[in-house]
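Q: Following this message is one structure expressed as structure tokens.
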Amino acid sequence: MTNWESIMILPETSIIQTMQIIDKSALQFAVVVDGNKFLLGTVTDGDIRRGLLKGLSLEIPIKEVMNKYPVYEKFGKKPQYYAELMKKLKVKQLPIVNEENQIQNVLFADNVAQGLQKANTVILMAGGLGTRLRPLTDHVPKPMLKVGDKPILEMIINSFKDFGFSNFILSVNYKKDMIKDYFQDGKHLDVNVSYIEETMRLGTAGALSLIIEKPDQPFFVMNGDLLTKVNYEQLLNFHNETNSIATMCVREYEYQIPYGVLETENHRLLSIEEKPIHKSFVNAGIYVLSPDVLKSVPQNEFYDMPDLFKKLMKQQQEVSAFPLREYWLDIGRMDDYEKANYEFSGGLI
């Protein structure tokens, strides 16, 4: 049971019992819920003391003194948002609820900053040639192309940073010095950056064999030419909750067949569907891997991430798909790059 779970109480809980729960937890706060964990109110030491000043008995239900209109927020927002909200509203505790108003977490001002920081490593693949974006990439590596006023790679790092991730490994090859000179050790961006250097093309998974200090907890791998608004904290939680060894982000892709599609049975024509639209899930280039996955990556050999996932599935390991609903753009062609600049520079994203 987590700290916040230990301070959930029912509305019929007496004041004296609530005082004991609050004192035991040392959090000076309790959340009042019904049997289905729906948020009903909150109680602080001050609420109880104000009740006692009114002469209320210690045996009466806590619902008589609880705050029936507490400050709370919905689940799924960026950790930095919660921290800034608590500071703005000058609250020391912030219940987090889902869409049905069921309690999901309680944040505390004293440790929210610490809670924002996550030790999970983020590995960004930034060694590609970017041939489809020539001549732009003749002198600049694709991850360093600017969208608005920042390189794509910096935008990716900032998006992870918003969710508390600060440890990055950049896999570099083509024009690596430009990337290393720009990011250095990451201190100017308030993150930690180290590098793995490919001397030959190793693919999106093969480069993982070059990691010297192996991660001891789930880590992210992401292509260095993607822009997305995915909630990385939710992605990591999904990976952990499903007990997966590997999780692949997928997105829905639609394509239309430009002809009438026929359904037949032997010689009989059963139906004709004109220009049907088909939907499939495709690889989105963002992954969460558990440390044991590294044992399946061959050393110094070209190996792409789909090959790794196929190998894990063949081994009957727990492999999951995380569907993206958020904005996602693969900057692989010139029109993609122009679209990114239009959407981000124009404030559309």
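Q: Filter the stretch 286-335 for residues that are among the β-branched types (V, I, T) and in a loop (DSSP other than H, G, I, E, B); which is farthest from E213 (Cα to Cα)?
A: I331
Q: Hey, another quick one. Taking interchain pairs and intrachain pairs at least six residues apart, which have beta carbon atoms under 7 angstrom, with the first residue in the stretch 79-97 and more than 21 Å from I7 (Cβ to Cβ) and the second assigned to a helix (DSSP H, G or I)?
A: Pairs that qualify, where the first residue is more than 21 Å from I7 (Cβ to Cβ) and the partner is assigned to a helix (DSSP H, G or I), are Q80/L116.
Q: Okay, moving on. Of a type in the set (D, E, K, R) and surrounded by 18 or more Cβ atoms within 10 Å (Cβ to Cβ): does that describe R251? Explain how you work it out, then say what you get.
A: Numbers: of a type in the set (D, E, K, R): yes; surrounded by 18 or more Cβ atoms within 10 Å (Cβ to Cβ): yes.
Yes.
Q: Out of (1) of a type in the set (D, E, K, R); (2) in contact (Cβ under 8 Å) with a residue 40 or more places away in the chain; (3) out of contact with any Leu (no Cβ under 9 Å at 6 or more places or on another chain); (4) over 30 Å from S159 (Cα atoms), what's the single condition that is false for D23?
A: Among (1) of a type in the set (D, E, K, R); (2) in contact (Cβ under 8 Å) with a residue 40 or more places away in the chain; (3) out of contact with any Leu (no Cβ under 9 Å at 6 or more places or on another chain); (4) over 30 Å from S159 (Cα atoms), D23 violates only (2).
Q: Do the conditions hold for S280, that is, is it surrounded by 15 or more Cβ atoms within 10 Å (Cβ to Cβ) and either in contact (Cβ under 8 Å) with a residue 24 or more places away in the chain or not acidic (D, E) (or both)? Before the answer, list the steps.
A: Working: surrounded by 15 or more Cβ atoms within 10 Å (Cβ to Cβ): no; either in contact (Cβ under 8 Å) with a residue 24 or more places away in the chain or not acidic (D, E) (or both): yes.
Answer is no for this residue.
Q: Continuing with this model, one more query. How do the pairs read when you match residues in the stretch 178-204 that are free of Cβ contacts under 8 Å to residues at least 40 places away in the same chain and among the small types (G, A, S) with residues anywhere that are in a helix (DSSP H, G or I) and surrounded by 13 or more Cβ atoms within 10 Å (Cβ to Cβ), using Cβ under 9 Å and keeping only pairs 6 or more apart or on different chains?
A: G186/I157
Q: Take the residues in the stretch 302-322 that are closer than 11 Å to T247 by Cβ and not aliphatic (A, V, I, L, M), then tell me which one is nearest to the chain's Cα centre (by Cα).
A: So the residue we want is F322.
Q: Is one or more of the residues making up the stretch 323-332 in the same structural domain as A205 (by TED's automatic domain parsing), without any contact (Cβ under 8 Å) to a residue 24 or more places away in the chain and under 30 Å from G148 (Cα atoms)? Full working, then the answer.
A: Residues of the stretch 323-332 in the same structural domain as A205 (by TED's automatic domain parsing): 323-332.
Of the ones still in play, those that are also without any contact (Cβ under 8 Å) to a residue 24 or more places away in the chain are 325.
Those left that are additionally under 30 Å from G148 (Cα atoms): 325.
Yes - at least one qualifying residue is present in the stretch 323-332.
Q: Restricting the first residue to the stretch 250-270 and requiring it to be within 30 Å of P323 (Cβ to Cβ), which pairs with a second residue that is outside any strand (DSSP E or B) and not basic (K, R) meet a Cβ separation below 8 Å and a spacing of at least six or different chains?
A: From residues that are within 30 Å of P323 (Cβ to Cβ), the pairs are V250/L324; R251/L324; Q256/P276; I257/P276; V261/P276.
Q: For the stretch 100-141, enumerate the residues that are over 18 Å from E233 (Cβ atoms) and modelled with pLDDT of 80 or more.
A: Correct list: E100, N101, Q102, M125, A126.
Q: Can you name the condition, by its number, that R325 falls short on among (1) surrounded by 12 or more Cβ atoms within 10 Å (Cβ to Cβ); (2) within 22 Å of the chain's Cα centre (by Cα); (3) among the basic types (K, R)?
A: Condition not satisfied by R325: (1).
The values are calculated or read from the model by the stated rules, or taken from the named source; none is laboratory data. Just so you know, these numbers come straight off a predicted model, no measurement behind them. For neighbour counting, all protein chains shown are included, and Cβ atoms are generated from backbone atoms with ideal geometry for every residue, glycine included.
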